[in-house]
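The values are calculated or read from the model by the stated rules, or taken from the named source; none is laboratory data. Since this is a predicted model, take the numbers as computed values, not measurements. Positions of Cβ are generated from backbone atoms using ideal geometry, with glycine treated the same way; all protein chains shown enter the neighbour counts. The area values use the complete protein model at the heavy-atom level, side chains included, leaving out ligands, DNA and RNA. Shrake-Rupley method; radii C 1.70, N 1.55, O 1.52, S 1.80 Å.
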Amino acid sequence: MGLKIIAAFLMSVAFGILHRIPTSLLGYAGTVGGAAWLVTALTREFGGSLIMANFAGSIAIGVAAEALARRLKKPATIFIIPGFIPLVPGGEAYTTMLYMVEGRYIDGVSMFMRTVLTAGAIAFGIFISSTIYRLFINYITERKAYHAEKN
Amino acid sequence: MTPVEKLLLNEIINLAVLAGEVLLKNGAETYRVEETMVHIARACGAVKVESFVIPTGVFLTVSDEQGHSVTTMRRVRDRTINLDRITKVNELSRRLVDNRIDYPDALAVLKRIARERTGFSLGPSVIASGIVGSTTAVLYNAGSYEMVAAFLAAAIVRYIAHIVSRLHGVQFTFEFLGGMVAALTGVLLAGVIPQLGRDAVIIGGIMPLVPGIAITNAIRDVMAGDLLSGLSRGLEAALTSVAVAMGVVLILATHAW
């Protein structure tokens, strides 16, 4: 478990280097990736399904990325791209290809659906958490402005 | 704002459209490109600014108080991925809006950002790619043999990317070749060393090919309401994945036969 968290951290840092994110932000990107993987693994541990776990992990990515982007005044993309790499269903995608090549089409299609649903859970997790985070921030700033006006 | 107001429309549009071009070339989201161009043009003294961006081109119209307007467009052909440049242009536009930099300096800085080589050279990125591969193998419960083999596969994939990108080839060639090379490395190494698990090596090898930018930008474009860009980037991500998968499938099918 500890080894895997380190692996997820290093993986995010390395993917950040591949996409040329600024060197000073590599540590943040790795932390987002490690945290996302930890949330996913813990959800699996407590009996969540594969899709549920990936959804929880990508919600963590979206919230962390938006918070860091606001704090450091950098585009949120920088933290999202390396962050979701440990969650990518590479193993499922590969197993789909393997089944298809071996002619086990039924198994292949069911594995393909699992891959697509996992990928969709990741995409919508990031989508939903970014949207809700922004709504929340907008609500707070508007309330502050309203109170300032009243005073 | 006094020295700024003497700027000609042509000068404003040159700066703003160059910023948009640099952003789009290096993989920024559509709304970021549109908003940055509007912010920069406004900061330079334009009264009315309209921008329209699709993944392959930039359009910008700038008007002054008298109602004169200038429109320009740039076609963006070879797109790369360089988040460092996006961060720098973002920073520049913030400084320009806050009046912390004037027009000639901003133009000079922007031209330097567009020209300079940033990020890491070939050696570090090959090693980084290898690390992505070997850590993927760790996440899929592989042993130390597979880790080393996956490092090798992913590093070779990155080296192939370097060669293909110099040829300015057709889109999706590199992903297809990368998938083939990753599968070939896995199959060959598993043939030479019998106790090596083939699957973890291939999964590690294809991991650096995940279209991270296309997926993330597709999500964020759809979120921002840029449906045209969101759809085309989603399609780009899907086609990239299909290209990788076909590369792997061809090698596996050949091996099985």
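General remarks:
- Subset tally (residues that are under 17 Å from B:Gly27 (Cβ atoms) and in a loop (DSSP other than H, G, I, E, B)) for region B:220-243: 1
- B:Thr87 being hydroxyl-bearing (Ser, Thr, Tyr) and either surrounded by fewer than 20 Cβ atoms within 10 Å (Cβ to Cβ) or not assigned by TED's automatic domain parsing to the domain that holds B:Leu8 (or both): no
- Taken over region A:94-112, residues that are facing chain B (nearest Cβ under 10 Å) and open to solvent by less than 30 Å² (accessible area, probe 1.4 Å) amount to 4.
- Residues (more than 8 Å from every other protein chain (Cβ to nearest Cβ) and modelled with pLDDT under 85) located in region B:208-223: none
- Failed item, numbered, when B:Asp226 is tested on (1) under 18 Å from A:Val88 (Cα atoms); (2) touching a residue at least 24 places away in the same chain (Cβ under 8 Å); (3) more than 8 Å from every other protein chain (Cβ to nearest Cβ): (1)
Condition check ((1) over 9 Å from A:Gly83 (Cβ atoms); (2) more than 10 Å from every other protein chain (Cβ to nearest Cβ); (3) open to solvent by 20 Å² or more (accessible area, probe 1.4 Å)) across all residues:
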residue	(1), (2), (3)
A:Leu3	yes, no, yes
A:Ala14	yes, no, no
A:Ile17	yes, no, yes
A:Ile21	yes, no, no
A:Val32	no, yes, no
A:Leu38	yes, yes, yes
A:Glu45	yes, yes, yes
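- Just one of the listed residues (B:Gly130, B:Gly179) is touching a residue at least 40 places away in the same chain (Cβ under 8 Å), open to solvent by less than 50 Å² (accessible area, probe 1.4 Å), part of a helix (DSSP H, G or I) and not hydrophobic (A, V, I, L, M, F, W, C), namely B:Gly179.
- B:Pro104 satisfies every condition listed in (1) touching a residue at least 40 places away in the same chain (Cβ under 8 Å); (2) open to solvent by 50 Å² or more (accessible area, probe 1.4 Å); (3) assigned by TED's automatic domain parsing to the domain that holds B:Leu15 except (1).
- Of everything in region A:116-132 that is β-branched (Val, Ile, Thr) and open to solvent by 20 Å² or more (accessible area, probe 1.4 Å), the residue that is nearest to B:Gly212 (Cα to Cα) is A:Val116.
- Filter pass, A:Ala67 being more than 20 Å from A:Met1 (Cα to Cα) and either touching a Lys or Arg at 6+ places or on another chain (Cβ under 9 Å) or surrounded by 20 or more Cβ atoms within 10 Å (Cβ to Cβ) (or both): no
- Taken together, the residues in region B:144-176 that are small (Gly, Ala, Ser), within 14 Å of another protein chain (Cβ to nearest Cβ) and surrounded by fewer than 19 Cβ atoms within 10 Å (Cβ to Cβ) amount to 2.
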